[in-house]
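Participant: Could you have a look at this structure, given as structure tokens, before my questions?
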Amino acid sequence: MIKKAVIPAAGLGTRFLPATKAQPKEMLPIIDTPTIQYVVQEAVDSGIEDILIITGKGKRSIEDHFDRNYELETRLEEKEDEALLHEMRRLSDMADIHFVRQRELNGLGDAIYYARHHVGSEPFAVLLGDTIMDSVIPVTQQLIDTYEQYRGTVIAVEEVPADKVNRYGIVGGSSLSDSIMELNTLVEKPAVESAPSNLAIAGRYILTADIFSAIEQTPKGKNNEIQLTDAMRLLLKRECVYSHRIEGRRHDIGNKMDFLKTTVEFALKRKEFAGPFLKFLKEIVAQHS
Ligand code: UTP
């Protein structure tokens, strides 16, 4: 049973400056909900009870977001806004949420290494704090199901257009089913001609505790950081690693274009906005065509 999750959220978010100069990119809202709240919700919906968020300098608002705010609650009580009051209280009750600070920004592999004492020897889920998944079955739940079947590291992947494989970490291996592969290679940003597939690593993982010794043995790589992909490549030499092609769509909120698209898509799914917002979009499109 996988009951613990780690959410790395310490990164600088340089692709989203200046918005991320003084606020975490994981707190950028899609409509009215911070990105990291969607991520925590996915973990909770997948049966996770204990969450460790990796934070760092300038990330206090993430801790405040999942804490009680008595002043706000009193004000909502006075206004008799039961729905909002309930929602605010639910936030601090979603799961058992812990925080640890990554002292230096040494990359995603290094961020995960900070979780070693918290997770101990159990397998655990990893959900990138800047990536929202839109799916019917929560993506982390999909990965947990695959873990239960194969009992090894599982990496979420999604298909990307062939001409974009050079932007992603790409997996290769032999198919075990429609959506699952046993991996024999992991390549960071391969040239289109040499890419082992068009399946890109998608920001969700089930990792075993063996990842920690692999991270210890991983030298600094791209950007002089300890890359999780490099550590997983080491792991691949020692044990079976699987990929799971997700049913759902990934939204990388750290990328401005994805952020805009996600805002529009999610607004169109919300009852209170769908009609008027679609009308507005049609008018805008008409003006620009
Ligand atoms: P990214 O590589 O997208 O984050 O990491 P970044 O470095 O903040 O992004 P840019 O390129 O500068 O815009 C994916 C996730 O891993 C976390 C980030 O906070 C993000 O949620 N991360 C990354 C860490 O926790 N620590 C790190 O050292 C790097």
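Participant: Residues I36, I30: which one is under 21 Å from R270 (Cβ atoms) and in contact with an Asp or Glu (Cβ under 8 Å, 6 or more places away or on another chain)?
Facilitator: Exactly one residue qualifies, and that residue is I36.
Participant: Same structure, new question: Which residue out of I53, I97, I36 is within 10 Å of the ligand (Cβ to nearest atom), touching a residue at least 40 places away in the same chain (Cβ under 8 Å), surrounded by 15 or more Cβ atoms within 10 Å (Cβ to Cβ) and in a strand (DSSP E or B)?
Facilitator: Going through I53, I97, I36 in turn, just one is within 10 Å of the ligand (Cβ to nearest atom), touching a residue at least 40 places away in the same chain (Cβ under 8 Å), surrounded by 15 or more Cβ atoms within 10 Å (Cβ to Cβ) and in a strand (DSSP E or B): I53.
Participant: Continuing with this model, one more query. Got a sec? Which of E104, E63, E71 is away from the ligand (no atom under 16 Å from the Cβ), acidic (D, E) and surrounded by fewer than 19 Cβ atoms within 10 Å (Cβ to Cβ)?
Facilitator: E71
Participant: For the range 1-22, name all the residues that are within 14 Å of the ligand (Cβ to nearest atom) and either small (G, A, S) or surrounded by 18 or more Cβ atoms within 10 Å (Cβ to Cβ) (or both).
Facilitator: Across the range 1-22, the qualifying residues are A5, V6, I7, P8, A9, A10, G11, G13, F16, A19, T20.
Participant: Restricting the range 127-141 to residues that are among the aliphatic types (A, V, I, L, M) and away from the ligand (no atom under 16 Å from the Cβ), which is least open to solvent (accessible area, probe 1.4 Å)?
Facilitator: I137
Participant: I'm checking my understanding of the structure. Among residues of the range 227-239 that are out of contact with any Leu (no Cβ under 8 Å at 6 or more places or on another chain) and open to solvent by less than 30 Å² (accessible area, probe 1.4 Å), which one is nearest to the ligand (Cβ to nearest atom)?
Facilitator: A231
Participant: Considering only the range 39-50, state which residues are open to solvent by 10 Å² or more (accessible area, probe 1.4 Å) and hydrophobic (A, V, I, L, M, F, W, C).
Facilitator: Selection gives V44 alone.
Participant: Let me ask something else about it. Restricting to the range 107-126, what's the tally of residues that are of a type outside the set (S, T, Y) and more than 9 Å from the ligand (Cβ to nearest atom)?
Facilitator: 11
Participant: Let me ask you something else. Kindly establish whether L85 is within 12 Å of the ligand (Cβ to nearest atom) and surrounded by 13 or more Cβ atoms within 10 Å (Cβ to Cβ).
Facilitator: no
Participant: Same structure again: May I ask you to say which residue of E216, E225 is farther than 23 Å from N198 by Cα and either at pLDDT 95 or above or among the polar types (S, T, N, Q) (or both)?
Facilitator: E216
The values are calculated or read from the model by the stated rules, or taken from the named source; none is laboratory data. From a predicted model like this one, the values you see are computed outputs, not experimental measurements. Cβ: placed from backbone, ideal geometry, glycine included. Neighbour counts: every protein chain shown. Protein only, heavy atoms only, side chains kept; ligands, DNA and RNA dropped before computing areas. Shrake-Rupley method; radii C 1.70, N 1.55, O 1.52, S 1.80 Å.
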